[in-house]
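In what follows, a structure is listed as C-alpha cells, so that the remarks can point back to it.
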Amino acid sequence: MVSRSFPQLLTCFNRTAVGSAGCRRFSITPPGRATPQSNTAVERVTSPWTLMAAVCLQRLPVITADCSPIEQRFKQMMQQMELEKSLLSDHELRLMEDAERMSRKQGNEYDSDEEEGHGDQEIMLAQDLEDTWEQRFKSFQPAPRVRADLDKDLTSVQRCLADSLVLLAEQQVGAEKLWLLPQAAWQEGETLRQTAERALCSVTAAGFKATFLGNAPCGVYKYKLPKAARTESSVGTKVFFFKAILADSAPGTAPNTALLWVKKSELQKYLKPAYMMKVDRFILSL
C-alpha cells in the first residue's frame, strides 16, 4: 500500500464521510492556503495604580544607651563575680613584688647585691606608674552624653546619639504637605530600588551616603484616590519601602526640602495613622 501523508488522509476522509445528522463534516486547509491575519497593534495593558518607592533611612545609635536599674544591678553582680574568680594581673603581681622589695630594704639584713638585673639604675615602681596614669585620667574630659540643646534640634543628625533615628521629609501630596519617608514616583526603565535611591538623592543637593539593605522592599502602603478624582487609568498609589543605613553623618550641602530626624516613638506625631501602621512594622528600635 502506497503511504500517504497525514493531510491527504484527512482530505480523503472528508470526501467519504457520511453526511448524517450525527456526524460533523470538517475539512483541513493546507498551511499554504491559510488566510493571512492582519497585523493589528496590541495595546499595552497599563496598571491603574501609580507606583512609588520610598526609603526608610536610619541612623544607628552612636553611643550605648543608659542602663536600666535591673541592668545596672546585673552589671555590678557580674563584675563582682569576675573579681572573685579572676587571677592577679601582671600589674598587681608587680605591685606585690615592689611591696616585698621595699619591706626588705627597710630590714636590717638587707643586702643590695641581692637585687639582680637592676644595678645602679633608677627603678620605677608600679605605684609610680599608677600615679602617672591617675594624672592623665584627671586631665581627660569625655564628651557629654546628653546635650539638651542639640537633642531638641530635630533637623540635626547628631541628636539623641544613644537612639536610632529615622529620616522624614516634607513632601507635596495633592493639595497638602505631609511628613513622609523620602519617596519618588517610579519611572519606566528603572527598578524600584533605583527609584528609592533617586528619592533619597532628591531630598538633598549632594545626597546622603547610605547602604541599602537588599533589593526587595520591606513593606508596602496602598491608598485609593477620592472617588471624584478616580479614573479608569488612575485608581490610587502603591508605595514600596526600602530600608537603608546612614553611612555618612551629614550631607555635603543644604537640603532641598525640610528634613527631620526623629525617634521611633516620635513618628506618630508626624505621620498619618494608616501610614504609621505600615511603617511601624519594619522599623526596629535598636
Tell me the accessible surface of W133 in square angstrom (1.4 angstrom probe, heavy atoms of protein chains only), to the nearest ten.
120 Å²
Accessible solvent surface per residue of the stretch 153-207, calculated while the other protein chains remain in place, 1.4 angstrom probe, Å²
45 Å²
Largest to smallest accessible area among I70, I283 [probe 1.4 Å]:
I70, I283
Using heavy-atom solvent-accessible surface (probe 1.4 Å) with all chains present, what is the largest-first order of F241, F140, F212?
F140, F212, F241
Show S164, S86 ordered by accessible area, largest first, where the area counts protein heavy atoms only and the probe is 1.4 Å.
S86, S164
With every protein chain in place, what's the accessible area of K209 (1.4 Å probe, Å², nearest 10)?
130 Å²
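The values are calculated or read from the model by the stated rules, or taken from the named source; none is laboratory data. Note that the coordinates shown come from a computational prediction; the quantities given were computed from them, not determined experimentally. Remember, those area values only see protein heavy atoms, side chains included, never the ligands or the DNA or RNA. Shrake-Rupley method; radii C 1.70, N 1.55, O 1.52, S 1.80 Å.
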